[in-house]
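Structure first, then comments.
None of the figures in this text is laboratory data; all of them are computed from the coordinates on show. Everything numeric in this text was worked out from a predicted model, so none of it was measured. Please note: Cβ atoms are built from the backbone with ideal geometry, for glycine as well, and neighbour counts cover all protein chains shown.
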Amino acid sequence: MPDAVGLELLAEELREADAASVIDTLHFRDKGTIEVSPAAIRETLARLRSKGFSALMSVHGVDYYPDEPRLGVHYELLDMSALDRLTIKLRVALDDPVVESVTPDWPTANHQEREIYDMFGVIFEGHPDLRRILMPEDYEGYPQRRDFPIGGEPVMFTVDEAHGRTYPQ
Amino acid sequence: MSTEITTADETSEYRKLEESITMEPLERVRSEGDQELLTLNMGPHHPATHGVLRLLITLDGEIVRDLKPIIGYVHTGIEKTAEDKSYWKAIPVIERMDYLAYYFNAYAFCGATEALLEVEIPPRAQYLRVIHMELNRIMSHLVWLGTSALDLGAMSMFWYCFRDRELILDLFEQSSGQRMHTRYIQVGGVAEDIPVGWAEKVREFTTQMPSRADQYKAILANNEIVLQRLRGVCPLGEKELLELGVTGPLLRAAGNPWDLRKAMPYSSYDHFDFKIPVGTEGDNWDRFAVRVAEIYESVKIIDQALDGLPEGPWISEDRKVALPPRHELATSMEALIHHFKLVTEGFRVPPGEVYFPVESPRGELGCFVRSDGSSKPARVHMRDPSFVNLQATAPMTEGAYIADLIATLAMLDPVLGGIDR
């Protein structure tokens, strides 16, 4: 795990390459996190890949409600030879939740970005096939957002549809 | 939310949308020769898909040209449900994600919570967790072996493997009261110490399991049909697998010895002497051989953990996190207060974000937990290995026969409960 100093050095290198890319660093529970600007995500991951972080293990979304900017995307990088992990995160506002897709560089992000789009409504620009993945394609709303209520989900059965019935509210 | 779908127009619109998922022409479609391409729907209730997986396959005669997995049929919103429960109440729902690896689900979540809380785990609890997780790994591999052999037409293997799986489930029942979804691993340790005589029962199992695995190898590994169905079929190289984020036995079959138990040990795995089986070709045969070899290694770990099982508490003595022992409730006011507080509200977790990866039977199972300082997690996400590994199906099977697709899917070992969560 990069220690606090190593993390700062890494962030400094990223800043040298693109001054606007790094927003914040955090060393928490023996693990480094670098917050980057959404515009710079693809370049940042490419730069870190050349430094040895060659595997993208996980991409997941977070809703920081009620803080702004609300939506977050986390990228868990892994360096298999130095046995090192690093989290890269970015945050986008709810009214413009657009992030550049990293799927062209990291094919593993394909399903995971689709899940974030499905659950949080983050739009990944340049994703080859951005559709809902776990929820039905005609589903409305983004269920993992914090202001999306639990339960009370109307269920649609084909048998009711055939009989022209409406569904209990 | 508008939910009425009564009028004819709206109904047909819904159907059109549904068809757009399924019948849209697939990319990368090309036919060699003048064969007409056939789009075939497989699933979601096909027995060979190991759960409710639906595949949309483009066929050129018998050759698979493209494949799209369609998932979400058993999506139950566990991640969302967990946000509405206090940490200790979230464990049972999270266990139910990957229903063949419940100890791993529980451990990944508890490990992430413990990292946030900075709780020290007693050595005995760490060893008990290892014993149960390795038993779980053998159990998961046995289910995989049985159902995979069934896909290849070997009916009897299914019964043999499920017979041995029952032995493990009996052990789980004895130590925790449940055969599946045991809720044995708790934040801070494990729920109960192992009962008297349990260790001997585990020994009985571990002495018998290697010879059983020998028998299974003898049945399958010298069988010409199995060899023809697996050897050299649907290989995928290490580089492609890493790009697709594939981990676990699938990656090790391609020759990369990446295993979190060795690379970044957790829960005292560094105390044990075991080997990481790796393959050379990355074909279906290697995937098969690596998993069977892992059964022997897991047995070795269990034996060593039983030998060196430390004495002492099996759950943290931090009363702010773990329940006080029952007998203290009658005598100690403080214990009663802690008990009341833990059962009603649950413990509060310091704010922060943690990603905690463990090596599940299918690869890296990572649990991301974000705490906002309250007694309920603000976000729980499982990086489920099946979900990520499933993306490798298309590159593996492109250009292969449809029969080999079934074998490859079996060797991929996806668990749809984990994929859909």
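A few notes on this one:
- The translational diffusion coefficient of region A:87-169, from Stokes-Einstein at 25 °C and 0.890 mPa s with a Kirkwood hydrodynamic radius over alpha carbon pairs, comes to 165 µm²/s.
- Tensor-based shape of region A:1-76 (alpha-carbon gyration tensor, a/c under 1.5 rounded, otherwise prolate or oblate): rounded
- Cα point-scatterer Debye curve for region A:4-140, base-10 log of I(q)/I(0) at q = 0.09 Å⁻¹: -0.26
- Alpha-carbon centroids, region A:54-100 and region B:270-322: separation in whole Å: 31 Å
- Separation between Cα centres of region B:194-245 and region B:77-103, rounded to whole Å: 28 Å
- DSSP beta bridges in the protein assembly as shown [antiparallel fraction, %, rounded to 5]: 90 percent
- Tensor-based shape of the protein assembly as shown (alpha-carbon gyration tensor, a/c under 1.5 rounded, otherwise prolate or oblate): rounded
- Annotated for chain B: lysine pairs at least 8 residues apart or interchain, Cα distance under 25 Å, count 24.
- Beta-bridge orientation, region A:4-140: approximately 75 percent antiparallel, per DSSP, counting only bridges with both partners inside.
- Shape summary of chain B, radius of gyration then Dmax from alpha carbon positions: 23.2, 85 Å.
- Point-to-point label distance, A:Val155-B:Val196, nm (Cα→Cβ direction, 7 Å offset): 4.7 nm
- Taking every alpha-carbon pair within region B:221-268, the share separated by more than 17 Å comes to 50 percent.
- Cleavage-rule hits, GluC sites (Glu not before Pro), region B:308-389, DSSP coil, Cβ neighbours within 10 Å at most 12: B:Glu311, B:Glu345
- Rg then Dmax, both in Å and based on the Cα atoms of region B:119-240: 17.6, 53.
- Note on B:Arg203 and B:Leu336: with the Förster distance fixed at 51 Å, the Cβ-Cβ geometry gives a FRET efficiency of about 0.80.
- Value of [θ]222 nm, deg cm²/dmol, for chain A, DSSP H segments ≥ 4, -39500 (n - 2.57) each, nearest 500: -7000 deg cm²/dmol
- In summary, the aspartates and glutamates within cross-link reach of A:Lys31, defined as a Cα separation below 16 angstrom excluding same-chain residues under 8 places away, comprise A:Asp3, A:Glu8, A:Glu76, A:Asp79, A:Asp84, B:Glu114, B:Glu118, B:Glu353.
- Projected label points at A:Glu68 and B:Glu224, each 7 Å from Cα along the beta carbon direction, are separated by 7.4 nanometres.
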